[in-house]
Amino acid sequence: AQGPNILYFGCKNRSSDYIYRDELEAFSDEGTITELHLAFSREQAEKVYVQHLLAQRGAETWKLIDDGKASIFVCGAVKMGADVDHTLQDIIVQHGGMSREKAKAYLGKLQTAGRFVQELWS
């Protein structure tokens, strides 16, 4: 069974960094991407990153991962990847009722199963 295709995309500024804007918005419009969540960290006084948007949708994210068997792909800078990893651990602790250690182990099992993949660079 195929579930929703949810994309979180973040960059500093939509006018200079929103690469593939036309393609991503077209995929969203046609339904290939079910939900497109955008974080532009330098467009408001308080910085907003992908991990903030993910945390706001923690209960839904947990349900998709645990019940829906979602796969997670993280692409970007090493620091961002670490922040997203930490946010996912927070979600698992809060909504999955696990300790921090068990949340890390849970993500490790997802990695082993190919359901949590990080392509990160510095």
Separation in nanometres of the label points that stand 7 Å from Cα toward Cβ, at Cys75 and Ala113: 2.4
Largest-first ordering by accessible area, 1.4 Å probe, given options Phe27, Phe73: Phe73, Phe27
Pairwise FRET efficiency - Thr34 versus Arg14, Cβ, R0 = 25 Å, nearest 0.05: 0.75
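So what is the relative contact order of the range 53-122, in percent, for Cα pairs below 8 Å that sit 6 or more residues apart? Let's see the in-between values first.
On the way: 64 pairs, mean separation 30.7, N = 70.
Reported as a whole number, the value is 44 percent.
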Normalised per residue, the volume of the convex hull around the Cα set of the range 81-122 (Å³): 64
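Applying 1/(1 + (r/R0)^6) with R0 = 22 Å to the Cβ-Cβ distance of Ala45 and His86, what FRET efficiency is obtained, to the nearest 0.05?
0.40
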Accessible area of the chain divided out per residue, in Å², using a probe of 1.4 angstrom: 64
Angle in degrees between helix 100-112 and the longest Cα principal axis of the chain, rounded to the nearest 10: 70
Surface share of carbon and sulfur [accessible, 1.4 angstrom probe, percent] for the range 13-122: 52
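Determine by what factor the alpha-carbon radius of gyration of the range 17-102 differs from 2.2 N^0.38 Å, reporting the quotient. Each step should come with its number before you reach the end.
Working: Rg = 14.3 Å, N = 86, 2.2 N^0.38 = 12.0 Å.
Working it through for the range 17-102, the quotient is 1.20.
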Per-peptide average of other Cβ atoms within 10 Å, ordering 35-42, 84-91, 11-18 highest first: 84-91, 35-42, 11-18
Listed residue pairs exceeding 23 Å between alpha carbons, taken from Lys12/Lys79; Lys69/Lys102; Lys47/Lys102; Lys47/Lys109; Lys12/Lys69: Lys47/Lys102; Lys47/Lys109; Lys12/Lys69
Structure-based [θ]222 nm, the chain - -39500 (n - 2.57) summed over DSSP H runs of at least 4, per residue, nearest 500: -15000 deg cm²/dmol
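The values are calculated or read from the model by the stated rules, or taken from the named source; none is laboratory data. Just so it is clear, the model here is predicted, and its values are computed rather than measured. Note that each Cβ is placed from the backbone with ideal geometry, even for glycine, and that neighbours are counted across all protein chains shown. Surface accessibility is based on the protein's heavy atoms, side chains included, excluding ligands, DNA and RNA. Shrake-Rupley method; radii C 1.70, N 1.55, O 1.52, S 1.80 Å.
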